[in-house]
Structure formats: structure tokens, C-alpha cells
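Quick one: the structure is below, and I'll ask about it shortly.
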Amino acid sequence: MIIDYPDATFDQVFTSCTFCSVPNPVGGLHALTRVLKPGGTIGMFEHTGSRFFPFSLMLDLMTPLTRRLGPELNRDTSENVRRAGFADVVAEPVFLDVVKIIRARRPA
């Protein structure tokens, strides 16, 4: 993922239903980290996998099909945010544990 802005350009970055379709989500999040200023924040509105039956089973069954079309329904986006180096990752459920608002900060 290439973002054509200099390093440390933005105070905040927002995404909406994006990281289910990015082929390399941790790489895409690294790209966002690069353009955020130290201490800058990311706000995400994303659907993710579920820990609860029957949603977890349904998403696991549907993901092989949807992956061929683009979105991967059961990604652990909160964990991907952590893996990309963000700090203070907080995920608030919007609908059950499938749709979430995720907030995090680029370390200073």
C-alpha cells in the first residue's frame, strides 16, 4: 500500500470498512503509521471476526467465499493494529463483537 504523503504528515487518520479488503492489512497499517505524526491517532470503523457462536461459525464458513470477492470477514483487525506498532489500542463494539470502532495511537 503506497500513500503518497511525506512521513509524519497527519495528526489523525480515519478508516471505514477498509481493512477487510486490504490484501496485507498489517502492511497497510504500517503505511498509515508512517504518515501519522508521533502521538497521532487512528480511528477505525471496521467489521471483524467474532468470538461468539454462532457468529464465529458463520463468518468462518463465509470467509473462503467472500475472500475470492475481496473482503475477508473474520480478520482480527484489533490485533493487526497492535502488530503494526500502534499503542493504546481500544476496540468498542458497535454491533455485538463484529462491528467495532477501533482507536489507537502512534507511539511518540
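What follows draws every value from the coordinates through simple rules; no lab data is involved. Keep in mind the model is a prediction, meaning the values are calculated, not measured. Because the Cβ atoms are built from the backbone with ideal geometry, glycine has one as well, and the counts that use them run over all protein chains shown.
Is it true that residue 26 is hydrophobic (A, V, I, L, M, F, W, C), more than 11 Å from the chain's Cα centre (by Cα) and either surrounded by 15 or more Cβ atoms within 10 Å (Cβ to Cβ) or assigned to a loop (DSSP other than H, G, I, E, B) (or both)? Before you say what the answer is, go through the steps one by one.
Details: hydrophobic (A, V, I, L, M, F, W, C): yes; more than 11 Å from the chain's Cα centre (by Cα): no; either surrounded by 15 or more Cβ atoms within 10 Å (Cβ to Cβ) or assigned to a loop (DSSP other than H, G, I, E, B) (or both): yes.
No: the conditions fail for residue 26.
Do you know which residues across segment 29-46 are more than 12 Å from residue 86 (Cα to Cα), part of a strand (DSSP E or B) and among the aliphatic types (A, V, I, L, M)?
The answer is 44, and nothing else.
How many of the residues making up segment 14-42 are touching a strand residue (DSSP E or B) at 6+ places or on another chain (Cβ under 6 Å), under 16 Å from residue 78 (Cβ atoms) and β-branched (Val, Ile, Thr)?
Of the residues in segment 14-42, 3 are touching a strand residue (DSSP E or B) at 6+ places or on another chain (Cβ under 6 Å), under 16 Å from residue 78 (Cβ atoms) and β-branched (Val, Ile, Thr).
Restricting attention to segment 63-98, which residues are within 21 Å of residue 32 (Cα to Cα), surrounded by 15 or more Cβ atoms within 10 Å (Cβ to Cβ) and among the β-branched types (Val, Ile, Thr)?
If the condition is that a residue be within 21 Å of residue 32 (Cα to Cα), surrounded by 15 or more Cβ atoms within 10 Å (Cβ to Cβ) and among the β-branched types (Val, Ile, Thr), then 77, 81, 89 are the ones that fit.
Still on this structure, please answer the following. Return only the number of the condition from (1) over 23 Å from residue 107 (Cβ atoms); (2) surrounded by 13 or more Cβ atoms within 10 Å (Cβ to Cβ) that residue 41 does not satisfy.
With (1) over 23 Å from residue 107 (Cβ atoms); (2) surrounded by 13 or more Cβ atoms within 10 Å (Cβ to Cβ) applied to residue 41, the lone miss is (1).
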